[in-house]
1. Restricting to region 156-170, what's the tally of residues that are open to solvent by 40 Å² or more (accessible area, probe 1.4 Å) and modelled with pLDDT of 85 or more?
2. Across region 103-136, which residue is modelled with the lowest pLDDT among those that are open to solvent by less than 70 Å² (accessible area, probe 1.4 Å) and of a type in the set (G, A, S)?
3. Does H34 satisfy the criteria of being modelled with pLDDT of 90 or more and surrounded by 18 or more Cβ atoms within 10 Å (Cβ to Cβ)?
4. Does region 43-61 contain any residue that is under 13 Å from the mean Cα position of the chain (by Cα), surrounded by 15 or more Cβ atoms within 10 Å (Cβ to Cβ), of a type outside the set (K, R) and over 12 Å from K25 (Cα atoms)?
5. Out of the residues in region 141-155 that are open to solvent by 70 Å² or more (accessible area, probe 1.4 Å) and of a type outside the set (A, V, I, L, M, F, W, C), state the one that is modelled with the highest pLDDT.
6. Let me spell it out: the conditions are (1) surrounded by fewer than 18 Cβ atoms within 10 Å (Cβ to Cβ); (2) in contact (Cβ under 8 Å) with a residue 60 or more places away in the chain; (3) touching a Gly at 6+ places or on another chain (Cβ under 6 Å), and F75 meets all of them except one. Which number is the exception?
7. What pairs come up if the first residue lies in region 122-143 and is in a helix (DSSP H, G or I), the second is open to solvent by 70 Å² or more (accessible area, probe 1.4 Å) and of a type in the set (V, I, T), and their beta carbons are under 8 Å apart, counting only those six or more places apart or on different chains?
8. Does E90 satisfy being at pLDDT 85 or above, surrounded by 13 or more Cβ atoms within 10 Å (Cβ to Cβ), under 16 Å from N162 (Cα atoms) and acidic (D, E)?
Amino acid sequence: MLNSYIGYRGGVFFMNGDYHIVRQKARAQPPHTHDFIEIVYIHSGRGTHIIDGVQYPVKHGDILFINFKSNHRAFSEREMIYTNILIKPETIDGSLRGNENAFSILSIHDFAEFEHALNKDNCHISFSGEERNLVESLINLMEAENGKTAPGSNLIVHSALNILLPLIFR
């Protein structure tokens, strides 16, 4: 979305806009929370994310799905490059407006089949081979279309996200 930005107030990040996508080099972060869903994809390097007190070692091909208000921070051990995809749930479906649990996505008809299969206590997913290539292609597409004013750019980002989420949930 054009003109989206991230703010920080009182230990909590907030976002203006429906989504924000950025590829960046990891740096040590203070513990923080936020009012949106965060999906972190590791492109290269290694590091550790601590989410609600649980340590997750991460490497190329890993995704972290971070829920609202989860206290978390990241550390890079080897030049970690990652993409942050920050999403307000109403971006996925308007019926989720004001909801404060990322797993409420599973209440949407299209995602209902994942409700019982998903381990909600494990937010760390590892991809390899063809599946990793597909995930990277979707993320690259989202990054390429992010912030464009061309007709259909928002639709492309939303469509790629709607393909990425089932890959994460299954």
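1. Adding up the residues that qualify gives 3.
2. The qualifying residue modelled with the lowest pLDDT is A112.
3. Judged against the criteria, H34 is not a match.
4. No, every residue in region 43-61 fails to be under 13 Å from the mean Cα position of the chain (by Cα), surrounded by 15 or more Cβ atoms within 10 Å (Cβ to Cβ), of a type outside the set (K, R) and over 12 Å from K25 (Cα atoms).
5. Within region 141-155, the match that is modelled with the highest pLDDT is P151.
6. Every condition holds for F75 apart from (2).
7. Short answer, once both residue conditions are applied: L138/I163.
8. For E90, the condition - at pLDDT 85 or above, surrounded by 13 or more Cβ atoms within 10 Å (Cβ to Cβ), under 16 Å from N162 (Cα atoms) and acidic (D, E) - is not met.
The values are calculated or read from the model by the stated rules, or taken from the named source; none is laboratory data. Small disclaimer: the values here were computed from a predicted structure and weren't measured. Note: ideal-geometry Cβ built from the backbone for every residue, glycine included; neighbour counts use all protein chains shown. When the accessible area is computed, the model is the full protein with side chains, heavy atoms only, and any ligands, DNA or RNA have been set aside. Shrake-Rupley method; radii C 1.70, N 1.55, O 1.52, S 1.80 Å.
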